[in-house]
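Colleague: Below are the structure tokens for one structure; questions will follow.
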Amino acid sequence: MLRENQRHFKFDWITIILFLLLLAFGYLNILSASHVGEITSYFDTSQLYGKHLIFIGLTFLLIVIILSLEAKFYEQFASIIYIIAMLSLIGLFIFGKDVNGARSWYGIGSMTIQPSEFAKFATALAVARYISDLQTNMTTIKDQLKVAAIILIPAILILLQNDAGSTIVYLAFFFVFYREGLQQVYLIIALSLIVLAVLALKFGIVITAIVATIILMSLYFIRKKKRGSIIQYIVILLVSLAFSYGVKLFYEHGLKAHQQNRISLWLRLEKDPAKLERMKKAEAYNLIQSEQAISSGGFSGKGFLQGTRTTGKFVPEQHTDYIFSTVGEEWGFLGTSFVVIIFVLLILRVLYLAEGQKSQFSRVYGYGVASILFVHFTINIGMVMGLIPTVGIPLPFFSYGGSGLWGFTILLFIFVKLDSNKINEW
């Protein structure tokens, strides 16, 4: 290795510029969604946009610190960072503050810190460290179970704090595992389980059983050489039906009423007009207002600070999870397309850089970054547009909040630092 004073660093400015574009445009939309009355000063800390500007200022300080540390620091201390993050999640059960029914924040004076936002990059580091230490693809069940445990620990802790949205993000690591040699059969199983769950809820167990039987019988007769014993297909059918029945039971008895209603609205399960109307006024109110705000923007939008639904505060929590509705109303199709394109470019850029890494640790971490950003971006925009159920998940670099902004910034710029160091690796 080169000595420290002989090291050279080449930061990827395309990634940095894409980040700055998202950060700047995100602030403009937070300004629109959170301002009350006339804007006299952008630094007015009595307004949310003034507080967020302070968060942005601290973000740049955070970036300087991240880029100042030696790249090897993140690999060497990945396990310690992960342990600290897990302890911070555990501490919430004792010292945490309840906000909107979730015990996910530490209260520090008038501020709150959400550890789950920082647990994402910590988990990505831990996964990258473990897989790189293997120096082989994840082909054994033992290795797969160990790396799955790294993911499940924070996911379960966050789920127990009643934050289902943040828990879903940990499914992002499936893409990382697939890139690092996870067998294709796992992907087929995962997609099959999703289809079975939707079929069971939408059409019931009987229809699900009929569909599963037809598919398995078709596979049995099509795969003449590799179809195996018919007993295997019967076992698969029984397991599928048991899973479908379990999904139905969990939906009816395991989920809370508002969670059931969100899924019911998404899959259009409710047939009673009166009950459906009540659900729309409660669980679907945010979504309906969000969809109306986006559709009212048309092609070019109503203009910056001119969104009537945004300034009228028709969409609750618009500055956080529903910030994309502000983009749709004030910037229209052009603005929403711009946001989508920038996010896609950023994710593709990270994937491109990850493939060019010389160390497996950097590559795996890069895929972790891209996967987490992809899941957040896809679920948030899909949620705001009614394509998937409302789960409560922020849009990276857009949604209001210091914890989210700092968590995503750390996640991204650790990779920027790792990538800049590849010219020093042999």
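Colleague: For the range 219-240, which positions are open to solvent by 50 Å² or more (accessible area, probe 1.4 Å) and either among the aliphatic types (A, V, I, L, M) or part of a helix (DSSP H, G or I) (or both)?
Modeller: Leu219, Phe221, Ile222, Ile230, Ile231, Gln232, Ile234, Val235, Ile236, Leu238, Val239
Colleague: Test Leu67 against the stated conditions and say whether it is farther than 29 Å from Ala155 by Cβ, in contact (Cβ under 8 Å) with a residue 60 or more places away in the chain and not in a loop (DSSP other than H, G, I, E, B).
Modeller: For Leu67, the condition - farther than 29 Å from Ala155 by Cβ, in contact (Cβ under 8 Å) with a residue 60 or more places away in the chain and not in a loop (DSSP other than H, G, I, E, B) - is met.
Colleague: Oh, and also: Give the residue, chosen from Ile108, Ile153, Ile131, Ile158, that is open to solvent by 10 Å² or more (accessible area, probe 1.4 Å), aliphatic (A, V, I, L, M), under 25 Å from Leu412 (Cβ atoms) and touching a helix residue (DSSP H, G or I) at 6+ places or on another chain (Cβ under 8 Å).
Modeller: Working: Ile108 fails: touching a helix residue (DSSP H, G or I) at 6+ places or on another chain (Cβ under 8 Å); Ile131 fails: open to solvent by 10 Å² or more (accessible area, probe 1.4 Å); Ile158 fails: open to solvent by 10 Å² or more (accessible area, probe 1.4 Å).
Within the list Ile108, Ile153, Ile131, Ile158, the selection yields Ile153.
Yes/no matrix, rows are residues, columns are (1) open to solvent by 40 Å² or more (accessible area, probe 1.4 Å); (2) of a type outside the set (A, V, I, L, M, F, W, C); (3) part of a helix (DSSP H, G or I); (4) on the phi > 0 side of the Ramachandran plot:
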site: Val327; (1), (2), (3), (4): no, no, yes, no
site: Glu330; (1), (2), (3), (4): no, yes, yes, no
site: Phe338; (1), (2), (3), (4): yes, no, yes, no
site: Ile342; (1), (2), (3), (4): no, no, yes, no
site: Arg349; (1), (2), (3), (4): yes, yes, yes, no
site: Ile388; (1), (2), (3), (4): yes, no, no, no
site: Phe397; (1), (2), (3), (4): no, no, no, yes
site: Ile410; (1), (2), (3), (4): no, no, yes, no
site: Phe413; (1), (2), (3), (4): no, no, yes, no
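Colleague: Restricting the search to the range 88-124, which residues are in a strand (DSSP E or B) and not aliphatic (A, V, I, L, M)?
Modeller: Lys97, Asp98, Arg103, Ser104, Trp105, Tyr106, Gly107, Thr112
Colleague: Show the residue pairs meeting these rules: Cβ distance below 6 Å; 6+ apart or different chains; first residue within the range 282-307 and on the phi > 0 side of the Ramachandran plot and in a loop (DSSP other than H, G, I, E, B); second residue open to solvent by less than 40 Å² (accessible area, probe 1.4 Å) and at pLDDT 85 or above.
Modeller: As it stands, the answer is Gly298/Gly332; Gly301/Glu330; Gly301/Gly332; Gly301/Gly335; Leu305/Ser32, since those pairs meet every condition given.
Colleague: Has the range 50-67 got at least one residue that is more than 20 Å from Glu117 (Cβ to Cβ) and hydroxyl-bearing (Ser, Thr, Tyr)?
Modeller: no
Colleague: Now a separate question. Taking the stated definitions as given, is Ile84 modelled with pLDDT of 90 or more, open to solvent by 30 Å² or more (accessible area, probe 1.4 Å) and either over 30 Å from Ser362 (Cα atoms) or part of a loop (DSSP other than H, G, I, E, B) (or both)? Don't jump to the end; show me each part of the working.
Modeller: Values: modelled with pLDDT of 90 or more: yes; open to solvent by 30 Å² or more (accessible area, probe 1.4 Å): yes; either over 30 Å from Ser362 (Cα atoms) or part of a loop (DSSP other than H, G, I, E, B) (or both): no.
No; evaluated as a whole, the condition is false for this residue.
Colleague: Mind checking which residues of the range 13-45 are open to solvent by less than 20 Å² (accessible area, probe 1.4 Å), touching a Leu at 6+ places or on another chain (Cβ under 9 Å) and not hydrophobic (A, V, I, L, M, F, W, C)?
Modeller: Thr15, Gly26, Ser32, Ser34
The values are calculated or read from the model by the stated rules, or taken from the named source; none is laboratory data. Quick caveat: nothing in here was measured; it's all calculated off a predicted structure. Here Cβ is always computed from backbone atoms with ideal geometry, including for glycine, and neighbour counts include all displayed protein chains. With ligands, DNA and RNA removed, areas are computed over all heavy atoms of the protein, side chains included. Shrake-Rupley method; radii C 1.70, N 1.55, O 1.52, S 1.80 Å.
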